[in-house]
1. Nearest 5 is fine: what % of DSSP beta bridges in the chain come out antiparallel, could you say?
2. Can you give the helix-only mean residue ellipticity at 222 nm for the chain, where every DSSP H stretch with n ≥ 4 adds -39500 (n - 2.57) and the sum goes over all residues, rounded to the nearest 500 deg cm²/dmol?
3. Show me 139-149, 221-231 ranked by packing, highest mean number of other Cβ atoms within 10 Å first.
4. Helix 229-241: angle to the longest alpha-carbon principal axis of the chain, degrees 0 to 90, nearest 10?
5. Relative contact order for the chain using alpha-carbon pairs under 8 Å, separation at least 6, rounded to a whole percent?
6. Taking θ as phi - 60°, what are the ³J(HN,Hα) couplings along segment 30-36 by the Karplus curve (6.51, -1.76, 1.60), each to the nearest whole Hz, with x for Gly and Pro?
7. Using Cα-Cα distances under 8 Å and only pairs 6 or more residues apart, what relative contact order does segment 122-265 have, in percent?
8. Say R0 is 22 Å: what FRET efficiency, to the nearest 0.05, do Tyr137 and Asn264 get from their beta-carbon distance?
Amino acid sequence: MTLEILICTYNDRINSVANVLMQPMHNISYLVSWQQGEGYVAPQLPDALCRDDVKVVTVQGKGLSANRNNAISNATGDICLIADDDLTYIPNHVAHIVEVFESHPSLDIATFRYDSRNYPKSYPSYSFDLRQPAKGYYISSVEIAFRRKSVKGKVSFNTLFGANAPVLNSGEESVFILDALNEGLNGFYFPYVIARHDHATTSARDIDDVKYLMSQGAYIYLAYKDGSALLRHALFAWRSCRNPFKFPKTLRHVLQGAKYIKKNL
């Protein structure tokens, strides 16, 4: 069983990708999706990426979700792992990914955990079905691995969400998992560390950011069409500010996100 690590990078960030690579390992390869913005003059590919286990594909434009979709469309590994250009991998940790999928032949998607010295993230200590996530659990893109044949051509990242999207600057990973589950795929969380990530996640950086609030409002609208979305919008807005004076403004931004995604889907 082969594992392919899908690294997304943008413009001159291509120079950081070599830091993600481990020493060559049997049945592990890398696919680098190099997104190039309008007017960007691409330099020569760094020598460190000229390895037999590294393939670089390019895509024009802007938007992390579009970049991730380009990586998925070019993937060839049995198991694919979503990655960014600022991660550190340890071989024996990465091995857990393949072991999980080999031990669960019907598994489509697995999420894991990462360590961070600067921005520690709390995780449940037990496995669970992603249809019934543990309280307080939220997904980061770089924790997601999937069986390629289960996902490719069936599920993609929604380009209305994610870094450099027009309005909604986050939430793409949650929408990806939601869409996968709605397509009938199965997914489970496993409490294994697979990487180190010492930068803040979007939710840690932008909890008061208008686009972040709108992103969460849009996701809640998509995830809870059973009639509970409005209540959940209000609850999320309150938890985000915990201030009776800021609450109306916060809720307004959350509801703007719901209105935006309803209009643009």
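The values are calculated or read from the model by the stated rules, or taken from the named source; none is laboratory data. Computed from a predicted model, the values in this text were never measured in an experiment. Neighbour counts are summed over all protein chains in view; Cβ atoms, including those assigned to glycine, are modelled from backbone coordinates with ideal geometry. What goes into the accessible areas is simple: the full protein's heavy atoms, side chains included, and nothing from ligands, DNA or RNA. Shrake-Rupley method; radii C 1.70, N 1.55, O 1.52, S 1.80 Å.
1. 30 percent
2. Theoretical 222 nm ellipticity from helices: -10000 deg cm²/dmol.
3. Going from most to least packed, we get 139-149, 221-231.
4. It is inclined by approximately 80 degrees.
5. Contact order relative to length: 19 percent.
6. 10, 10, 9, 9, 9, 8, 10
7. RCO, segment 122-265: 23 percent.
8. Computed FRET efficiency for Tyr137 and Asn264: 0.20.
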